[in-house]
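The structure under discussion appears below in the form of structure tokens.
The values are calculated or read from the model by the stated rules, or taken from the named source; none is laboratory data. Not measured: the values here are computed from a predicted model. With ideal geometry, Cβ positions are generated from the backbone for all residues, glycine too; neighbour counts draw on all protein chains shown.
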Amino acid sequence: MSHHKILTFDNLSLQDFESDAELIPLLTPEDEEEMNREELPASLPILPLRNTVLFPGVVIPISAGRDKSIKLINDANAGNKIIGVVAQKNEEDEDPTKNDIHKIGTVAQILRVLKMPDGNVTVILQGKKRFEIDAMLSEKPYMRASIMEVEEKRPGQHDTEFFAIVDSIKELAIQIVKESPNIPTEATFAIKNIESHSFLINFVSSNMNLPVADKQNLLSINVLKERALETLRYMNVELQKLELKNDIQSKVRFDLDQQQREYFLHQQMKTIQEELGGVSYEQEIDDMRQKAKAKKWDEKTAKHFDKELVKMQRMNPQAPDFGIQRSYLELFLELPWDQYSSDNFDLKRAQKILDRDHFGLEDVKKRIIEYLAVLKLRNDMKSPIICLTGPPGVGKTSIGKSIAEALGREYVRISLGGLRDEAEIRGHRKTYIGAMPGRIIQSIKKAGTSNPVFVLDEIDKLSNSHQGDPSSALLEVLDPEQNSAFYDNFLEMGYDLSKVMFIATSNNLNAIQPALRDRMEVIRMSGYTIEEKVEIARQHLLPKQLKEHGLTAKDYNIGKKQLEKIVEGYTRESGVRGLEAKIAQVVRNAAKSVAMEEEYNKKVTDEDIVKILGAPRMERDKYESNEVAGVVTGLAWTSVGGDILFIESLISKGKGSMSLTGNLGTVMKESATIALEYIKANPEMLGVDPDIFAKHNIHIHIPEGATPKDGPSAGIAMLTSLVSLLTQKRVKKHLAMTGEITLRGKVLPVGGIKEKILAAKRAGIKEIILCHENKQDIDEIKAEYIDGLTFHYVREMSEVIKYALTDQKAKNAKTL
């Protein structure tokens, strides 16, 4: 048969197998006779059924989800499509054995196999003959048993009692269809058209609303007449139940007045909401009230919640405000009021965790250990507001996770970059549709405790607009004297943030609002030295990249020398983010070779580095030796750390004018003017001919003209460059300097010293001139980082000239 219609009645209901198929002829006596003549195989694969029984002649769909069942169906479908179907004794058994299934079953033919989207398989089966399991041959990969046919004793052609029973079954089946509202009336046509008596009995038995055990008892009856009588008895019981149910419904039916009608509709709505997975709003209010009793609220908070709950109870559930009020009360219940995680006061463990995750950063680690020590002694302390400031990639954000692990606290983080709406911090007032709490309160709810480690990332990149100033909204959050009662517009109550450990991060401290900066404890995180970068790459970055690319240390190894080559030749940052990208590029090359089964060096060489990354691009950072007068090496601070810059001066015939190039800012131009005026005022002391200024022009240039430059720290370098130019004396080799000058010749201190010193060492500088007051900055730098550097501390410009210039005339010195 090319088309099939599943003639199966779950409680006598029709279900299409193919929507465009014609209804197949119901099993005729001739079909049944042909089926009875078919020989049974000696053994069959056995498919256990959980919650149904298959009768001969009946077509039913079976959903298979167990791996064994799916394999059995697929194997049989690829073969002769004949299987044995047996009901389980207990439908809860996930992996039934031979003792868990009935002995009597039905041989079935697979008509169709359908694969479902959820991975299960639906198979259409048609019962053939009853059989009995003789012996179980195997249970893996699925059960297979030897079988024997069960003979069925049929009544004679003149047994009028049997025919009367069959007629009664047909009439009762039609009555059940009429009495039951869930069964389509089309079922009566199918029942009337059944010609085979045994098929009628099997069909009705299969589709009656009976437990599996009762259906199995019917299948096990060998005498057809007895099975018909037992089926008729079950049908009479089913019909009586239906008639009694319909009679009760007709007796209790009455007209409802308006009030009763509304009550009934509300009850229906409640039931529908529960069926859809929700709860009625009355039940919701009761649940909220019960949850509130378990909360450790103070009296003021408890009264406020009860008042708002009563307000919600009076509201119409269809009103727009109802959803906002529900969200408001849910927030109250979900916030961790007075719930705190216990701090871990094992200081040695905390130190190990911090050292494990981050190399260097001694100031930060020291501050965290100090905080833990004080907290351990007092056991009650307001958390500090720490601001980690430094160039990108030095580990400001990631250290928050390590601190949370060391303290044993929850960790939350929000990014403030580009935030310009005050409501993001303080929340919206409830009067607005779509109102919600601010990100501070949302994050506290997410953390589940009131004392998490809270990272406020990129606090220097806060913006402002007509919607308010978020940095001003943060003042209350980050003020240790005020944040014990932080007011959120949506919450409409104070929330205690004093136990939260806030850690803010920034790249530029000057971009933070002064009032906000004043409320935080600033810890500066300057860049790493080459030695630190190599260790960070060896201990952290390389293992991380190997793991992310599916390699191990045995597959690929980059030695210290090669790591140092990557650091010096391909990165110029203070942090390690760019270094990690270069290491990832090198590791990716190895991953490609492994995947393509190509040969490669497991131990990386210098040649491999150049081949993969190209020629080194950062050589311009190196000190350039020169023999020309007027060229001085200065030190500069940039957003990505320190750098060196070259200041060049040139003299030409003219009328005494000075020009500046190199994309200089106002402050830097003023430094050049001050330097020139100081020389004009003190020519004899500096050994300069005073008449030179009337006959010559001076030009000062700072290379890399596309890069904006500003600040006072190049003052002494500009003055040295001019004196060197005007006296034609050469500047000492491998010397750099930084400092501000005044018209009196005083040298003033400047900032960013550590970054500048690290840049100088990277560039190969050996001597550095600094203001005397910057000595304290040098003392804070580890001795190994400045090994090989000589520092000259000065107070006057005369000292700078003394240390900087040699008595040797510059190469190709001019006669001025």
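Assorted remarks:
- Filtered by the rule that a residue be under 23 Å from Met685 (Cα atoms), aliphatic (A, V, I, L, M) and assigned to a loop (DSSP other than H, G, I, E, B), segment 730-761 gives a lone residue, Leu743.
- Among residues of segment 60-73, those that are closer than 19 Å to Ala145 by Cβ and surrounded by fewer than 16 Cβ atoms within 10 Å (Cβ to Cβ), counted: 1
- Of the residues in segment 781-796, at least one is surrounded by fewer than 17 Cβ atoms within 10 Å (Cβ to Cβ) and in a helix (DSSP H, G or I).
- Meets criteria (assigned by TED's automatic domain parsing to the domain that holds Gly434, in contact with a Pro (Cβ under 6 Å, 6 or more places away or on another chain), at pLDDT 80 or above and aliphatic (A, V, I, L, M)) for Val374: no
- Residue in segment 443-457 that is assigned to a helix (DSSP H, G or I), in contact (Cβ under 8 Å) with a residue 60 or more places away in the chain, under 15 Å from Leu475 (Cα atoms) and in the same structural domain as Met501 (by TED's automatic domain parsing) present: no
- Scan of segment 283-293 for residues that are surrounded by 11 or more Cβ atoms within 10 Å (Cβ to Cβ), more than 32 Å from the chain's Cα centre (by Cα) and either modelled with pLDDT under 70 or not acidic (Asp, Glu) (or both), ordered by number: Gln283, Ile285, Arg289
- Out of Ile183, Ile176, Ile194, one residue alone is surrounded by 18 or more Cβ atoms within 10 Å (Cβ to Cβ), within 59 Å of the chain's Cα centre (by Cα), in contact (Cβ under 8 Å) with a residue 40 or more places away in the chain and not in a helix (DSSP H, G or I). It is Ile183.
- Residue in segment 470-483 that is under 28 Å from the mean Cα position of the chain (by Cα) and farther than 30 Å from Gln325 by Cβ present: yes
- Segment 80-133 - residue that is buried (at least 19 other Cβ atoms within 10 Å of the Cβ) and part of a loop (DSSP other than H, G, I, E, B) and, of those, nearest to the chain's Cα centre (by Cα): Pro96
- Taken together, Thr738, Thr720, Thr742, Thr673 contain a single residue that is of a type outside the set (A, V, I, L, M, F, W, C), under 18 Å from Gly634 (Cα atoms) and out of contact with any helix residue (DSSP H, G or I) (no Cβ under 9 Å at 6 or more places or on another chain), which is Thr673.
- Unique residue being more than 30 Å from Val576 (Cβ to Cβ) and surrounded by 15 or more Cβ atoms within 10 Å (Cβ to Cβ) when the list is Pro336, Pro320: Pro336
- Residue ID - farthest from Asn51 (Cα to Cα), chosen from residues in segment 215-240 that are in contact with a helix residue (DSSP H, G or I) (Cβ under 7 Å, 6 or more places away or on another chain) and of a type in the set (D, E, K, R): Lys225
- Among all residues of segment 139-150, there is at least one that is surrounded by fewer than 17 Cβ atoms within 10 Å (Cβ to Cβ), free of Cβ contacts under 8 Å to residues at least 12 places away in the same chain, under 27 Å from Arg66 (Cβ atoms) and assigned by TED's automatic domain parsing to the domain that holds Gly105.
- Filter result for Asn74 (assigned to a helix (DSSP H, G or I), under 47 Å from the mean Cα position of the chain (by Cα) and not charged (D, E, K, R)): yes
- Subset of segment 206-234 (residues that are among the aliphatic types (A, V, I, L, M), within 59 Å of the chain's Cα centre (by Cα) and assigned to a helix (DSSP H, G or I)): Val212, Ala213, Leu218, Leu219
- Candidates Leu805, Leu748, Leu789, filtered to the one that is within 28 Å of Glu535 (Cβ to Cβ) and either touching a residue at least 24 places away in the same chain (Cβ under 8 Å) or outside the structural domain of His696 (by TED's automatic domain parsing) (or both): Leu789
- Single match in Ala783, Ala759, Ala763 (criterion: over 16 Å from Gly642 (Cβ atoms), modelled with pLDDT under 90 and under 45 Å from the mean Cα position of the chain (by Cα)): Ala783
- Of the helices (runs of 4 or more DSSP H) entirely within segment 344-433, those holding at least 2 residues that are out of contact with any Lys or Arg (no Cβ under 6 Å at 6 or more places or on another chain), within 24 Å of Leu478 (Cα to Cα) and of a type in the set (A, V, I, L, M) occupy 362-378, 398-407, 423-426.
- Residue list for segment 36-59, restricted to those being charged (D, E, K, R) and either assigned to a loop (DSSP other than H, G, I, E, B) or surrounded by 13 or more Cβ atoms within 10 Å (Cβ to Cβ) (or both): Glu38, Glu39, Arg50
- Scanning segment 700-720 for residues that are among the small types (Gly, Ala, Ser) and either closer than 21 Å to Lys733 by Cβ or not in a loop (DSSP other than H, G, I, E, B) (or both) yields Ala714, Gly715, Ala717.
- Test: residue in segment 339-346 that is more than 28 Å from the chain's Cα centre (by Cα) and surrounded by 12 or more Cβ atoms within 10 Å (Cβ to Cβ): yes
Every residue, every condition in (1) buried (at least 20 other Cβ atoms within 10 Å of the Cβ); (2) closer than 30 Å to Glu330 by Cα, yes or no:
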residue: Glu492; (1), (2): no, yes
residue: Asp496; (1), (2): no, yes
residue: Ile536; (1), (2): yes, no
residue: Glu568; (1), (2): no, no
